[in-house]
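> Submitted below is the structure of interest, expressed as structure tokens.
The values are calculated or read from the model by the stated rules, or taken from the named source; none is laboratory data. Since the model is a prediction, treat every value here as computed from it, not as a measurement. Note that each Cβ is placed from the backbone with ideal geometry, even for glycine, and that neighbours are counted across all protein chains shown.
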Amino acid sequence: TKGRHRDHMGNEIDEQPLVAQRVVDALAPAITDGLLWRGLGLPPLDEIDRVAIIGCGTSLHAGRAIAGVFSRVGGLPTRALVASEAAHEVWEPRTLVIAISQSGETADVLRALQGLPAEHGTVLALTNNPSSSLARRADAVIDCLAGPEIGVAATKTFVAQVLTGVCVALSGLTVSHRADATLLDADVRALTATPEALSTARDTWRGPAATLAAEFARASGFLFLGRGAGLVYAAEGALKLKELSYRWAEHQPAGELKHGPLALVDAGTPVFIVDDGDPRLEVDIAEVTARGGRVIRLGERILRVGGLPLHLPRTGPSWGPLETVVPLQMFARELALRLHRDVDKPRNLAKSVTVS
Ligand code: F6R
């Protein structure tokens, strides 16, 4: 059923705080003492040397966010791999493979798993369809609890996948000797604050997303920049914009700007910055504004002192500023509606990609 919006995508964006609350309520209590991890039958992290996460598109982005938890908190070498390229991987023993797919039917992901050596360790499937082909192939399955997603562009399944994967990772790390206890505690606290952060982002950006869409209706290209844990949300923002509006959008690590992409920036070029608190972003922003680029900054924490904005350093969770994806989704949708695109069924795309 359609709620406040005429399209499914708008409702699915709005639903994200609820979905996040559902995941946190279901999984956060089982993080402690590794209950969630052991309940899935996963081997102790001390028996694992590395984690490889595979997925496509938005699910790959969720994988990159989750990878940040294993590597930043656990010091575990973790890679997120494009499933369609995984055939060229050299698989090492003692690797935990996490395959992420909302449909569980993505052929590229299933094929990547076929390429795993037979003696290879555990495969965990993270999916929104626990009776899918992927779930049947995996050794362990976790449902991301997003509920049915009808819009072709993934929105609430992204948020659900990130939070589910974060809970699983944190649970594994609570019993691992390599985890940083301070970071782990901070992450568990940040997790419970996430539904609220998502709903604040949604409510704050409803008007501004439409205003920005009007301002940029004629822009031919968009840049999305981030550093560290913010980068994955820049990537997701660019992907949503491309698929919904059919405009060119590129994401880059902000540090790469001066190595090429800065040449794209001209008077009025829209440049979205996902701020994870890295102070070097100030220099990146100055480079863009010096060329007349129009910076839209997300994720920052600003205090007004005597009328002057004071940018606070932000130490966010190891999976980065997840709430920034909400305004990026909203902006992509608003721009697409303005351009008379079908936001629920973008051209040339399918909800489940069963060919590889
Ligand atoms: C983007 C999008 C696609 C999918 C990708 C993987 O909005 O929907 O990029 O994320 O095709 O699909 P699943 O998660 O079903 O494997």
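> Test of understanding: among L76, L60, L45, which residue is more than 13 Å from the ligand (Cβ to nearest atom) and either more than 14 Å from L124 (Cα to Cα) or within 23 Å of the chain's Cα centre (by Cα) (or both)?
L76
> Also: Would you list the strands (runs of 3 or more DSSP E) that sit entirely within the range 259-356 and hold 1 or more residues that are at pLDDT 95 or above?
Filter on the range 259-356 gives 270-274, 294-298.
> Report, by residue number, each residue of the range 96-137 that is within 11 Å of I54 (Cβ to Cβ) and either of a type in the set (S, T, Y) or in contact with a Gly (Cβ under 8 Å, 6 or more places away or on another chain) (or both).
V97, I98, A99, I100, S101, T106, V109, A125, L126, L134
> Please verify whether V232 is touching a strand residue (DSSP E or B) at 6+ places or on another chain (Cβ under 8 Å) and either over 20 Å from V82 (Cα atoms) or modelled with pLDDT under 95 (or both), treating the condition exactly as stated.
It is false that V232 is touching a strand residue (DSSP E or B) at 6+ places or on another chain (Cβ under 8 Å) and either over 20 Å from V82 (Cα atoms) or modelled with pLDDT under 95 (or both).
> Those residues that are in contact with a helix residue (DSSP H, G or I) (Cβ under 9 Å, 6 or more places away or on another chain) and more than 20 Å from E236 (Cβ to Cβ), I need them from the range 51-82; list them, please.
Matches in the range 51-82: V51, A52, V73, G74, L76, P77.
> Now for a separate question. Looking at G39 and the list (1) of a type in the set (G, A, S); (2) more than 17 Å from the chain's Cα centre (by Cα); (3) closer than 15 Å to T194 by Cα, which single condition is not satisfied?
If we test G39 against (1) of a type in the set (G, A, S); (2) more than 17 Å from the chain's Cα centre (by Cα); (3) closer than 15 Å to T194 by Cα, just (3) comes out false.
> While we're here: Can you pull out the residues in the range 167-201 that are among the polar types (S, T, N, Q) and either within 16 Å of the ligand (Cβ to nearest atom) or surrounded by fewer than 16 Cβ atoms within 10 Å (Cβ to Cβ) (or both)?
Correct list: T182, T192, T200.
> Collect the residues in the range 149-166 that are crowded, with 24+ Cβ neighbours inside 10 Å, more than 9 Å from the ligand (Cβ to nearest atom) and among the hydrophobic types (A, V, I, L, M, F, W, C), keeping them in residue-number order.
V159, A160, V162, L163, V166
> Something else now. Name the single residue, out of those in the range 86-110 being at pLDDT 95 or above and more than 26 Å from G151 (Cβ to Cβ), that is farthest from the ligand (Cβ to nearest atom).
Among them, the one singled out is L96.
> Still on this model: Go through the residues of the range 140-157 one by one and say whether even a single one is closer than 20 Å to A65 by Cα, in contact (Cβ under 8 Å) with a residue 24 or more places away in the chain and in a helix (DSSP H, G or I).
Scanning the range 140-157, I find at least one residue that is closer than 20 Å to A65 by Cα, in contact (Cβ under 8 Å) with a residue 24 or more places away in the chain and in a helix (DSSP H, G or I), so the answer is yes.
> Considering the range 202-220 alone, what residues qualify as being buried (at least 20 other Cβ atoms within 10 Å of the Cβ) and in contact with a Gly (Cβ under 9 Å, 6 or more places away or on another chain)?
Matches in the range 202-220: F216 only.
> If you check L349 against the conditions, is it over 19 Å from the mean Cα position of the chain (by Cα) and closer than 19 Å to L60 by Cβ?
Yes: the conditions hold for L349.
> Since V123 meets every condition but one in (1) more than 11 Å from the ligand (Cβ to nearest atom); (2) over 21 Å from R64 (Cα atoms); (3) in contact with an Asp or Glu (Cβ under 6 Å, 6 or more places away or on another chain), which condition does it not meet?
Evaluating V123 over (1) more than 11 Å from the ligand (Cβ to nearest atom); (2) over 21 Å from R64 (Cα atoms); (3) in contact with an Asp or Glu (Cβ under 6 Å, 6 or more places away or on another chain) leaves (2) as the failure.
> Restricting to the range 123-175, give me the number of residues that are in contact with a Cys (Cβ under 6 Å, 6 or more places away or on another chain) and among the aromatic types (F, W, Y).
So the answer is 0.
> Additional query: Examine the range 19-29 for a residue that is closer than 24 Å to G228 by Cα and away from the ligand (no atom under 16 Å from the Cβ), and state whether such a residue exists.
Scanning the range 19-29 turns up at least one residue that is closer than 24 Å to G228 by Cα and away from the ligand (no atom under 16 Å from the Cβ).
> Ok, one more. Which pairs do you get when a residue that is touching a residue at least 24 places away in the same chain (Cβ under 8 Å), found in the range 195-223, comes within reach of a residue that is of a type in the set (D, E, K, R) and in a helix (DSSP H, G or I), reach meaning Cβ atoms under 6 angstrom, with the pair 6+ apart or on two chains?
A197/E323; L198/E323; A201/E323; A209/E334; A210/E334; A213/E334; A213/R338; A217/R338
> Go through the range 113-135 and report how many residues are under 24 Å from the mean Cα position of the chain (by Cα) and within 21 Å of G39 (Cα to Cα).
13
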